Amino acid sequence: SINSAFAGSPTLLTTNTVSDGASSAFTSLIDSTYKVYIFKFYDVSPATDSVYFQFNVSADGGSNYNIDKTTTFFLARHQENDSQASLAYQAAEDLDRSVAAQRLAFSLANYADGGLAGELYIFNPSNTVFVKHFHSTFNYMFSNASPHTMNVFIGGYFATANAINTVSFAMSSGNFDGIIKMYGL
């Protein structure tokens, strides 16, 4: 049954600790062992202010990141000074059959008390029949004159029948610090 395929607790597979690194790639352990792969992010902080945190996937061990993605992106925000709060769809952050990296957060602040935390779920990446779905939730400090908390929700699919075996994370510019854990479920 479908419920038995996702029963139990996630198993920690590996941890990438990034210290002033340009990227963090998970190039092994993504196979048919698990139906769901979960990435958890802790204290991700960019070296450069107002950058994007993004990810991409590969079917050939990271030699090429050329898999089409179709995605949707919306967010909730609230300014620290209580001058603005909103919930909005962000069409400019969507991808439409694009091989570009998917943005997980935009205008990420590099303030000492800023940073990013969240989760990304990829479903059945080793399947060779259907597209592979994903969704994510991130919370972070938005960079501007009046800091915001941003809660971003993204969903979509990778339009390929090839098995996905590599997932890579990076800022749009500059390096970053943080901890990324990969779990199997």
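The values are calculated or read from the model by the stated rules, or taken from the named source; none is laboratory data. Computed from a predicted model, the values in this text were never measured in an experiment. Cβ: placed from backbone, ideal geometry, glycine included. Neighbour counts: every protein chain shown. Heavy atoms of the whole protein, side chains included, go into the accessibility calculation; ligands, DNA and RNA do not. Shrake-Rupley method; radii C 1.70, N 1.55, O 1.52, S 1.80 Å.
Annotations
- Among all residues of segment 104-113, there is none that is in contact (Cβ under 8 Å) with a residue 24 or more places away in the chain, open to solvent by 70 Å² or more (accessible area, probe 1.4 Å) and part of a strand (DSSP E or B).
- From the options Thr33, Thr11, Thr48, Thr17, residue that is closer than 25 Å to Phe158 by Cβ, surrounded by 12 or more Cβ atoms within 10 Å (Cβ to Cβ) and among the hydroxyl-bearing types (Ser, Thr, Tyr): Thr11
- Within segment 70-86, if we keep just the residues that are among the aliphatic types (A, V, I, L, M) and under 27 Å from Lys132 (Cα atoms), the residue that is surrounded by the fewest Cβ atoms within 10 Å (Cβ to Cβ) turns out to be Ala76.
- Per-region count, segment 64-100, residues over 20 Å from Ile122 (Cα atoms) and among the hydroxyl-bearing types (Ser, Thr, Tyr): 3
- Elements of the type strands (runs of 3 or more DSSP E) sitting completely within segment 1-86 and holding at least 2 residues that are within 18 Å of Asn139 (Cα to Cα) and among the charged types (D, E, K, R): these cover 36-46.
- Only one of Asn124, Asn151 that is closer than 27 Å to Gly8 by Cβ and either in contact (Cβ under 8 Å) with a residue 60 or more places away in the chain or open to solvent by less than 50 Å² (accessible area, probe 1.4 Å) (or both): Asn124
- Number of positions in segment 133-181 that are part of a strand (DSSP E or B) and under 23 Å from Thr70 (Cα atoms): 22
- Of the residues examined, Ala59 is not one that is of a type outside the set (Val, Ile, Thr), open to solvent by 30 Å² or more (accessible area, probe 1.4 Å) and touching an Asp or Glu at 6+ places or on another chain (Cβ under 8 Å).
- Residue match in segment 100-123 (condition: under 25 Å from Pro147 (Cα atoms), touching a Gly at 6+ places or on another chain (Cβ under 6 Å) and of a type outside the set (Lys, Arg)): no
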